[in-house]
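A short worksheet on the structure shown next.
The values are calculated or read from the model by the stated rules, or taken from the named source; none is laboratory data. Bear in mind that the values here come from a model prediction, so they are computed numbers and not experimental data. Positions of Cβ are generated from backbone atoms using ideal geometry, with glycine treated the same way; all protein chains shown enter the neighbour counts.
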Amino acid sequence: MNAIYVMWMRQLKRYLRSKARIVGSMAQPLLFLVALGFGFGPIYAKAGGGNYIQFLTPGIIGMSIMFLAIFTGVDMIWDREFGFLKETLVAPVPRSQLVFGRMLGGATVATGQGIIVLLLSMVAGFRPVSIWQLPFAVMVMFLIALLFTAFGTAIGSVMEDIHGFQLITNFLVMPMFFLSGALFPLDNLPTFVRYVAACDPLFYGVDAMRSFLIGVAHMNVGLDIAILATISFALLGIGSWLFSRIEL
Amino acid sequence: MTIIIQVDRLLKTYGDFKAVNEISFNVQKGEIFGFLGPNGAGKTTTIKMLTTLTRPTAGKVTLDGHDPAVNPNEARHSFGIVFQDQSLDDELTAWENMEYHGMLYAVPKPLRHQRIEELLKFVELWDRKNDFVKTFSGGMKRRLEIARGLLHHPTILFLDEPTLGLDPQTRNHIWNYVCRLSKEEGMTIFFTTHYMQEAEDNADRIAIMDHGVIVAQDTVEKLMQNTQTENLEAAFLKLTGNELREENSNHTDNMRMRRRAWTGRR
Ligand SMILES: Nc1ncnc2c1ncn2[C@@H]1O[C@H](COP(=O)(O)OP(=O)(O)OP(=O)(O)O)[C@@H](O)[C@H]1O
Ligand SMILES: [Mg+2]
């Protein structure tokens with residue numbers, strides 16, 4: 001259990017101590033929220049969509065959690081580079097605990113950021129449908145965070161240097177973001193695209209968050225959560241397995 | 001005498017290259033065992049296999065009764081290690097690096113804090129304990145690595161060039177501490193170094209490795225006797241043949257050697 005705590009605490013400290021990292025990971029969602037929210041708001045309203053900030057906020061929260069979670073998972077490459085990974089790999093603790101603590105740390109940080117983005121969006125005019133639903137929204141945030149930290153950790157376990165990260169960003173992370181329905185409703189898109197979107201975990205995350213935050217969703221929220229949880233467990237398993245096989 | 005490290009025809013290949021080529025040796029419990037060899041000989045690769053970081057291509061290792069390739073978790077309970085290259089967390093303080101290490105190795109809190117204070121004072125970093133490691137000089141980082149490695153008093157302690165880049169005073173200081181630990185607690189020490197005097201002064205027994213194979217293993221006296229040399233450095237050079245190679249080598253040989261030294265030093 002010590003190992004889980006140590007790895008969790010360390011992830012937290014690393015995040016909180018790096019001002020540049022905090023500002024950097026905060027600036028992007030805010031920029032999206034302000035630029036898109038106010039920029040496309042009038043068009044969206046004119047097209048009969050209603051209040052765009054309401055629609056956009058859950059999507060931006062999901063996006064910011066996904067980016068930070070994947071990033072903290074992939075962060076392991078630096079531990080490999082700077083040697084700290086070795087120190088943990090030879091410690092007399094099960095590697096499953098090391099990797100789980102690390103994932104939990106990343107997920108905690110990403111959830112915290114999601115909550116802050118939510119609060120800031122309320123300053124920008126977002127109104128949640130009900131205060132009582134907020135704890136459920138936070139729970140969904142944590143699920144999204146855990147899922148993508150595990151995803152990032154799996155990638156970090158097999159990638160030996162940072163050069164591959166650009167590829168991952170362009171071919172996996174950005175498509176997942178655009179297909180998640182975070183920015184625009186997917187209803188009117190070609191069927192083919194909607195099938196692809198159905199494979200995107202963030203789609204279910206954003207949908208579940210809309211359900212709790214604005215009371216509107218595509219799917220049954222229970223089904224969303226079940227799918228998110230299933231994918232999270234699968235990725236936790238895969239991430240731990242890949243981590244346990246690391247050789248230096 | 002009981003054997004605590006048993007290595008039997010251990011092999012590690014990278015592609016066609018045999019980094020470690022079927023080496024065998026034993027280390028006795030409580031022994032201070034020096035593992036010497038020129039750059040790129042395969043010392044670090046051997047230590048990686050002994051400490052569960054890399055799986056051997058072939059061969060068998062027994063470490064305090066466990067095979068690191070088969071039961072890595074059990075094997076990890078038996079040893080501690082100071083790595084050749086950096087393994088600290090730069091974004092944590094010196095104290096946090098020590099504390100987290102102690103927690104990972106399940107050293108009980110009162111003992112942990114007592115030893116952290118003792119060790120940080122010993123390596124003269126106590127007044128810098130709350131500073132981030134990234135603000136430390138190379139030598140300070142090295143001292144912290146050593147202090148951290150000494151925190152949990154394992155059965156076997158691996159030291160891969162522990163004193164690399166440290167001044168002579170500090171090196172002496174550290175070796176005194178290590179020898180005392182070995183005597184008082186019966187701790188087995190397995191170390192590599194390029195400072196021959198260190199090996200001569202401290203090792204009970206020495207193995208010399210070159211190009212992936214062990215070319216000699218014995219006590220310092222026997223090694224000197226067998227090579228008819230005055231000190232370990234001369235014996236080492238005679239056994240690994242670098243002296244001869246240097247004298248007769250042409251330009252391309254020199255280039256090749258330098259490249260090997262360069263890539264091996266990573
Ligand atoms: N991951 C790897 N892939 C390919 N070759 C490797 C790898 N690791 C080590 N080698 C090679 O294996 C050989 C032995 O390396 P090793 O690090 O064990 O040497 P060493 O004896 O520790 O040398 P030094 O005194 O410089 O630390 C070197 O030629 C090195 O280039
Ligand atoms: Mg080495």
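One table, with the values for the structure above:
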quantity	calculated
Of the criteria (1) more than 16 Å from ligand 2 (Cβ to nearest atom); (2) without any contact (Cβ under 8 Å) to a residue 40 or more places away in the chain, which one B:Val7 fails	(2)
Options B:Leu88, B:Leu111: the member that is among the aliphatic types (A, V, I, L, M) and within 12 Å of another protein chain (Cβ to nearest Cβ)	B:Leu88
Residues of segment B:22-41 satisfying the condition of being over 18 Å from B:Pro68 (Cα atoms) and either within 16 Å of ligand 2 (Cβ to nearest atom) or within 14 Å of chain A (Cβ to nearest Cβ) (or both)	B:Phe33, B:Gly34, B:Phe35, B:Leu36, B:Gly37, B:Pro38, B:Asn39, B:Gly40, B:Ala41
Residues of segment B:189-206 satisfying the condition of being within 16 Å of ligand 1 (Cβ to nearest atom) and either basic (Lys, Arg) or in a helix (DSSP H, G or I) (or both)	B:Met196, B:Glu198, B:Ala199
Among the candidates B:Gly80, B:Gly15, B:Gly65, residue that is surrounded by fewer than 17 Cβ atoms within 10 Å (Cβ to Cβ) and away from ligand 1 (no atom under 16 Å from the Cβ)	B:Gly65
Within segment A:5-29, considering residues that are hydrophobic (A, V, I, L, M, F, W, C) and at pLDDT 90 or above, the one farthest from A:Gly215 (Cα to Cα)	A:Val6
Residue within segment A:199-217 that is over 23 Å from A:Arg127 (Cβ atoms) and more than 14 Å from the chain's Cα centre (by Cα) present	yes
Sole exception among (1) of a type in the set (Gly, Ala, Ser); (2) within 12 Å of another protein chain (Cβ to nearest Cβ); (3) touching a helix residue (DSSP H, G or I) at 6+ places or on another chain (Cβ under 7 Å); (4) on the phi < 0 side of the Ramachandran plot for B:Ala106, by number	(4)
Extreme residue, nearest to ligand 1 (Cβ to nearest atom), among residues of segment B:42-56 that are assigned to a loop (DSSP other than H, G, I, E, B) and either within 12 Å of another protein chain (Cβ to nearest Cβ) or farther than 12 Å from B:Gly212 by Cβ (or both)	B:Thr54
Pair list, Cβ < 6 Å and 6+ apart or interchain, from segment B:39-55 residues that are farther than 16 Å from B:Phe190 by Cα to residues that are away from ligand 1 (no atom under 11 Å from the Cβ) and assigned to a loop (DSSP other than H, G, I, E, B)	B:Arg55/B:Ala69
Any pair with Cβ under 7 angstrom, 6 or more apart, that starts in segment B:84-112 at a residue that is farther than 14 Å from B:Lys134 by Cβ and ends at one that is within 16 Å of ligand 1 (Cβ to nearest atom) and of a type in the set (Ser, Thr, Tyr)	B:Gln84/B:Thr44
Exclusive hit being within 14 Å of chain B (Cβ to nearest Cβ), buried (at least 23 other Cβ atoms within 10 Å of the Cβ) and not polar (S, T, N, Q), set A:Ala69, A:Ala3, A:Ala20	A:Ala3
Those helices (runs of 4 or more DSSP H) lying entirely in segment A:89-168 with at least 2 residues within 14 Å of chain B (Cβ to nearest Cβ)	A:95-123
Helices (runs of 4 or more DSSP H) enclosed by segment B:90-163 - at least 3 residues per element that are farther than 16 Å from A:Thr88 by Cβ and out of contact with any Cys (no Cβ under 7 Å at 6 or more places or on another chain)	B:109-122, B:138-149
Residue under evaluation B:Glu22, criteria (1) part of a loop (DSSP other than H, G, I, E, B); (2) farther than 24 Å from B:Trp175 by Cα, criterion not met	(1)
Which numbered condition A:Pro175 fails, given (1) modelled with pLDDT under 95; (2) within 23 Å of A:Ile214 (Cα to Cα); (3) out of contact with any Phe, Trp or Tyr (no Cβ under 6 Å at 6 or more places or on another chain); (4) not charged (D, E, K, R)	(2)
Exclusive hit being of a type in the set (Lys, Arg), in contact with a helix residue (DSSP H, G or I) (Cβ under 7 Å, 6 or more places away or on another chain) and not assigned by TED's automatic domain parsing to the domain that holds B:Thr51, set B:Arg115, B:Arg142, B:Arg148	B:Arg148
Matching residues in segment B:68-85 - criterion: being within 7 Å of chain A (Cβ to nearest Cβ) and not in a helix (DSSP H, G or I)	B:His77, B:Ile81, B:Phe83, B:Asp85
